[in-house]
Number of protein chains: 2
Amino acid sequence: MALVAYEQLLGEIKRVLIKYGVNEEKASLIATIYAENSLVGVYSHGANIFVNTCKRILEGTVNANAEPEKIGGLGGFERWEGNKGLGPYNSYTCAMRAAELAKEFGIGCVSLRNNNHWGRAGKYSSLIADQGMIGICATNGTSCMATWGGTTSRIGNNPLTIAVPREGGNVAVDMAFSQFSFGQLNNHKVAGKSLPVLGGYDESGEMTTDPAQVMETRKLLPVGYWKGAALATLIDLVVSCASTGNTTKQLDEFGADINISQIYIAINFAAIGGREEAMQIVEDTIAYVKDTEIAPGFESVRFPGQSLIDTKEKNLKDGIPLNDAVWENLLSL
Amino acid sequence: MALVAYEQLLGEIKRVLIKYGVNEEKASLIATIYAENSLVGVYSHGANIFVNTCKRILEGTVNANAEPEKIGGLGGFERWEGNKGLGPYNSYTCAMRAAELAKEFGIGCVSLRNNNHWGRAGKYSSLIADQGMIGICATNGTSCMATWGGTTSRIGNNPLTIAVPREGGNVAVDMAFSQFSFGQLNNHKVAGKSLPVLGGYDESGEMTTDPAQVMETRKLLPVGYWKGAALATLIDLVVSCASTGNTTKQLDEFGADINISQIYIAINFAAIGGREEAMQIVEDTIAYVKDTEIAPGFESVRFPGQSLIDTKEKNLKDGIPLNDAVWENLLSL
């Protein structure tokens, strides 16, 4: 495990992007997003996914120099084309555009088609929250879950993220609709641990806590069983209908999370007053959910988003723990 | 069990509302919502909850003649005050207003404070979908779940509903963030059945499938464990910040789902073209999620919202099955 300073990671990612022909300003912006994802502890969607994205740039499925463009709009709602550009850049552009629209129209919504993997989903709702608005973003992806009552993979885990502004760090949720991600399954497998709760199906079709078996069948359990399967299906429909983009069905045909569909919503609630009340609501709610007896086996409870804030502070001080192979790979690019 | 024709149920609810001083047009509208909820099979939020609401009208916590009013707005975003009126009426008004705003601004959003129980959450996103738009609605409520790692009830099950338009019946999800509702727990208890999956905590703090024990502790399990607890917390913040209304903390102080906070979003994606593509996306996705091998113990799979469509057809033909006591109570009002 390498411990890498944030500025160093940022510099390396920026260097590679410039090498691929990305201009300096754009490279800085994109590098900041990937490096920050590692900084806040979402390692799978920081340096790790950047290294994979570089392969896609080299093979030509991702165009590092593409610019997203608006293809239609009415008032606060716009439809954008991602032109197969870099996911985090397109997503940053659309999240910021949604916030811009919300300044004028109270609420802004940008739907985006033909984007590539945006990295950490929660980044974009948090970007919107950083401007004092409520951010809601969602994406689709290739399937990893069955419709409830079925056994064939048909539904993506289609993350939904919501962030509410707060001084000291937003309250935020970044929720894929499988109970565990493949990354989490692998972490448990490598550590020789069972999953803490049921996570998917084994070969005989039984639910299991064995991460290795779930990784083999690739049949993950939806959050809340039938409930998460249904909500993830609706998220696929929302992002693809709004953007007239690809659905999970098409992504499964591509066999990869490319040319995906997304949505970015910004609610500028404070534009009509109420910012102070809202900030009090947020603090009071945090205090309320933390004011609880602690369950056996736990030391404390956290508000949604707190672990990112805590990890960022720790990693800024101690350096970001990166997998040696990922770090060496990045240095070699 | 009484089997009641839809028109008869509608007539009885309307009769009672008029008796309480509600004018004929408004009584018709409200009765339609309650009766339809029973018609589509969500019995707990149709005739059953209407009978309870009548008690609240008589005791004065619900004002059957109140009108909701706009208290602020910018472009597509508005904040409304529910004035403690009848939940379904306020909610209908705000959902229709969100759709109206979306006609002008592409996206519309109404936040509502001081509303009463809206009955079936999915009604309002479906109302928006009936106008060819994506509907997204959410509410907060009194707590029934603990923060993950805690044991004290601090989080409401805060339903989120999403509907996408479809000829022949919308694709829709209506999802409370507890794995089961109290109504479902009671149904299992009465039938002497265990829950199909873990549903809450027993007295010793262990997770259990025993509905009676969960009903006693009133500690329900969040959908997806830590994930649903986090998302439900964010929904509380979204609806209360947007409306500057009460949070679950305040509702717990009231000890009832009164003066609650809600949000109604309408995305008029077809306003800039794409309606035909979207309708094809919806049909293709339904076909895709239903094209699966069937798991042991199941006969078929359904798309989200299908059971409501099927139940409506059956109940229109056979009559709506109502609990005898509820039906007699309604007739006696």
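The values are calculated or read from the model by the stated rules, or taken from the named source; none is laboratory data. What you are looking at is a predicted structure, and each value in this text was computed from that prediction instead of being measured. Here the Cβ positions follow ideal geometry from the backbone for every residue, glycine too, while neighbour counts run over all protein chains shown.
Tabulated data for the structure shown
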{"item": "Single residue of segment B:39-50 satisfying the filter (part of a helix (DSSP H, G or I) and more than 14 Å from residue B:14 (Cβ to Cβ)) that is modelled with the highest pLDDT", "result": "B:39"}
{"item": "Failed condition for residue A:60, given (1) out of contact with any strand residue (DSSP E or B) (no Cβ under 9 Å at 6 or more places or on another chain); (2) farther than 22 Å from residue A:256 by Cα; (3) without any contact (Cβ under 8 Å) to a residue 12 or more places away in the chain", "result": "(2)"}
{"item": "When residues of segment B:186-236 are limited to those that are of a type in the set (Lys, Arg) and without any contact (Cβ under 8 Å) to a residue 60 or more places away in the chain, the one surrounded by the most Cβ atoms within 10 Å (Cβ to Cβ)", "result": "B:227"}
{"item": "Residue check, residue B:145 under 19 Å from residue B:285 (Cα atoms) and over 13 Å from the mean Cα position of the chain (by Cα)", "result": "no"}
{"item": "Hits in segment A:65-98 - residues which are crowded, with 21+ Cβ neighbours inside 10 Å and either assigned by TED's automatic domain parsing to the domain that holds residue A:10 or assigned to a loop (DSSP other than H, G, I, E, B) (or both)", "result": "A:68, A:75, A:76, A:82, A:86"}
{"item": "Any chance residue B:148 is in contact (Cβ under 8 Å) with a residue 60 or more places away in the chain, assigned to a loop (DSSP other than H, G, I, E, B), touching a strand residue (DSSP E or B) at 6+ places or on another chain (Cβ under 8 Å) and surrounded by fewer than 24 Cβ atoms within 10 Å (Cβ to Cβ)", "result": "yes"}
{"item": "Conditions (1) in contact with a Ser or Thr (Cβ under 9 Å, 6 or more places away or on another chain); (2) in a helix (DSSP H, G or I); number of the one not met by residue B:53", "result": "(1)"}
{"item": "For residue B:49: the one exception among (1) touching a Gly at 6+ places or on another chain (Cβ under 7 Å); (2) surrounded by fewer than 19 Cβ atoms within 10 Å (Cβ to Cβ); (3) within 20 Å of residue B:264 (Cβ to Cβ); (4) away from chain A (no Cβ under 14 Å)", "result": "(2)"}
{"item": "Residue in segment B:275-304 that is nearest to the other protein chains (Cβ to nearest Cβ), counting only those that are within 18 Å of residue B:130 (Cα to Cα) and surrounded by fewer than 19 Cβ atoms within 10 Å (Cβ to Cβ)", "result": "B:277"}
{"item": "Some residue of segment B:107-119 being within 13 Å of chain A (Cβ to nearest Cβ) and in a loop (DSSP other than H, G, I, E, B)", "result": "no"}
{"item": "First in segment B:260-271 and within 15 Å of residue B:78 (Cα to Cα), second anywhere and part of a loop (DSSP other than H, G, I, E, B) and aliphatic (A, V, I, L, M), Cβ under 9 Å, 6 or more apart", "result": "B:266/B:133; B:267/B:133"}
{"item": "Members of segment B:142-176 found to be more than 8 Å from chain A (Cβ to nearest Cβ) and either at pLDDT below 95 or farther than 19 Å from residue B:265 by Cα (or both), listed by number", "result": "B:142, B:143, B:144, B:145, B:153, B:156, B:157, B:167, B:168, B:169"}
{"item": "Boolean, residue B:19 is outside the structural domain of residue B:327 (by TED's automatic domain parsing) and surrounded by fewer than 23 Cβ atoms within 10 Å (Cβ to Cβ)", "result": "no"}
{"item": "Residues (of a type in the set (Lys, Arg) and within 21 Å of the chain's Cα centre (by Cα)) located in segment B:239-286", "result": "B:249"}
{"item": "Selection count where residues are among the hydrophobic types (A, V, I, L, M, F, W, C) and not in a strand (DSSP E or B), scope segment B:169-211", "result": "10"}
{"item": "Residues of segment A:215-237 that turn out to be out of contact with any helix residue (DSSP H, G or I) (no Cβ under 9 Å at 6 or more places or on another chain), of a type in the set (A, V, I, L, M, F, W, C) and at the interface with chain B (Cβ under 7 Å from one of its Cβ atoms), as a count", "result": "3"}
{"item": "Flag if residue A:320 is in contact (Cβ under 8 Å) with a residue 40 or more places away in the chain and either over 30 Å from residue A:63 (Cα atoms) or within 14 Å of another protein chain (Cβ to nearest Cβ) (or both)", "result": "no"}
{"item": "Selection count, segment A:35-54, where residues are farther than 16 Å from residue A:159 by Cβ and either among the polar types (S, T, N, Q) or touching a His at 6+ places or on another chain (Cβ under 8 Å) (or both)", "result": "4"}
{"item": "Number of the condition not met by residue B:163 [criteria: (1) in contact with a Gly (Cβ under 6 Å, 6 or more places away or on another chain); (2) hydrophobic (A, V, I, L, M, F, W, C); (3) outside any strand (DSSP E or B)]", "result": "(3)"}
{"item": "Among (1) out of contact with any Gly (no Cβ under 9 Å at 6 or more places or on another chain); (2) assigned by TED's automatic domain parsing to the domain that holds residue B:239, the one test that residue B:41 misses", "result": "(2)"}
{"item": "Single unsatisfied condition, residue A:167 versus (1) surrounded by fewer than 24 Cβ atoms within 10 Å (Cβ to Cβ); (2) in contact with a strand residue (DSSP E or B) (Cβ under 8 Å, 6 or more places away or on another chain); (3) under 22 Å from residue A:103 (Cβ atoms)", "result": "(2)"}
{"item": "Residue in segment B:106-118 that is of a type in the set (Gly, Ala, Ser), buried (at least 24 other Cβ atoms within 10 Å of the Cβ) and within 19 Å of the chain's Cα centre (by Cα) present", "result": "yes"}
{"item": "Tally, over segment A:238-260, of residues that are touching a Gly at 6+ places or on another chain (Cβ under 6 Å) and within 9 Å of chain B (Cβ to nearest Cβ)", "result": "2"}
{"item": "Selected residue [out of contact with any Cys (no Cβ under 7 Å at 6 or more places or on another chain), under 25 Å from residue B:105 (Cα atoms) and at the interface with chain A (Cβ under 9 Å from one of its Cβ atoms)] from B:272, B:263", "result": "B:272"}
{"item": "Hits in segment B:91-117 (condition: over 12 Å from residue B:67 (Cα atoms) and hydroxyl-bearing (Ser, Thr, Tyr))", "result": "B:111"}
